[in-house]
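J.: Sending over a structure as structure tokens; questions will come in a sec.
The values are calculated or read from the model by the stated rules, or taken from the named source; none is laboratory data. Just so you know, these numbers come straight off a predicted model, no measurement behind them. Heads up, the Cβs are rebuilt from the backbone with ideal geometry, glycines too, and the neighbour counts pull from every protein chain shown. Areas reflect the complete protein model, heavy atoms only, side chains present, ligands, DNA and RNA absent. Shrake-Rupley method; radii C 1.70, N 1.55, O 1.52, S 1.80 Å.
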Amino acid sequence: TMVEEGKRRIDVDGKSYLLETALRADFALVHAFLADYSGNLSYALTARNFNPVIEMAGDTVIVTAEHIVPVGVIAPDHVVTPAPLVDYLVANR
């Protein structure tokens, strides 16, 4: 079919499936509620649903935040996105 064109087909237990690769992005633009100076992020409300997924799809992650606080202010169990995933933290002025 037209859907199959250019896609890899794999066989699992005798059934044939199309393999759809993950989407990639050059940049991921994210807005967080809290960020610390290292780049650990915490979100408010529904931003927690999609921002972490977008960050993992982006080659370069650029973040703005409502509040930027010193390291240690965000409790470890409230960190949703760890600092190693963040490339740039931009302060709103």
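J.: With a bin width of 10 angstrom, please list the P(r) values of the chain as percents of all Cα-Cα pairs, from the 0 bin to the one holding the largest distance.
T.: Computed distribution, short to long bins: 15, 39, 18, 14, 12, 2.
J.: How charged is the neighbourhood of ILE62? Take every other residue with its Cβ under 15 Å from the Cβ of ILE62, and add Lys/Arg as +1 and Asp/Glu as -1.
T.: Computed value for this residue: -4.
J.: Kindly provide the helix-only [θ] at 222 nm of the chain, computed as the sum of -39,500 (n - 2.57) over DSSP H runs of four or more divided by all residues, to the nearest 500 deg cm²/dmol?
T.: Result for the chain: -3500 deg cm²/dmol, rounded to the nearest 500.
J.: Ok, one more. Please sort by residue number the trypsin sites (Lys or Arg not before Pro) in segment 1-57 whose DSSP state is loop and whose Cβ has at most 14 other Cβ atoms within 10 Å.
T.: The qualifying sites are LYS7, ARG24.
J.: Still on this model: Looking at LEU85, HIS67, ASN49, which one has the Cα that reaches farthest to the positive end of the dipole of segment 34-93 (charges on Cβ: Lys, Arg +1; Asp, Glu -1)?
T.: Sorting the options by dipole projection puts first HIS67.
J.: Still on this structure, please answer the following. Can you check what the net charge comes to around PHE27, using other residues whose Cβ is under 12 Å from the Cβ of PHE27 (Lys, Arg +1; Asp, Glu -1)?
T.: Value of the local net charge: -3.
J.: What is the helix-to-structure angle for 47-57, meaning the angle in degrees between its Cα long axis and the longest Cα principal axis of the chain, kept from 0 to 90 and rounded to the nearest 10?
T.: The helix 47-57 is inclined about 60 degrees to the chain.
J.: In debye, nearest 20, what is the charge dipole magnitude of the chain about its Cα centre with +1 on Lys and Arg Cβ and -1 on Asp and Glu Cβ, if you could check?
T.: The dipole of the chain has a size of about 80 debye.
J.: In the chain, what percentage of the DSSP-assigned beta bridges are antiparallel, given to the nearest 5?
T.: For the chain, the DSSP antiparallel bridge percentage is about 40.
J.: Give me the dipole magnitude in Debye, nearest 20, for segment 11-59 about the Cα centre, with unit charges on the beta carbon: positive for Lys and Arg, negative for Asp and Glu.
T.: Roughly 180 debye, rounded to the nearest 20.
J.: Which loop GluC sites (Glu not before Pro) in the chain, with loop taken from DSSP, have no more than 12 other Cβ atoms within 10 angstrom of their Cβ?
T.: GLU4, GLU5, GLU20
J.: Just in the chain: which chymotrypsin sites (Phe, Trp or Tyr not before Pro) are loop by DSSP and have at most 15 other Cβ atoms within 10 Å?
T.: When the chymotrypsin sites (Phe, Trp or Tyr not before Pro) of the chain are filtered for loop state and at most 15 Cβ neighbours within 10 Å, TYR37 remain.
J.: Over the chain, give the accessible area per residue in Å² for a 1.4 Å probe, as an integer.
T.: 73 Å²
J.: If you average the sequence gap of Cα pairs under 8 Å that are 6 or more apart and divide by the length of the chain, what percent do you get for the contact order?
T.: After rounding, I find 30 percent.
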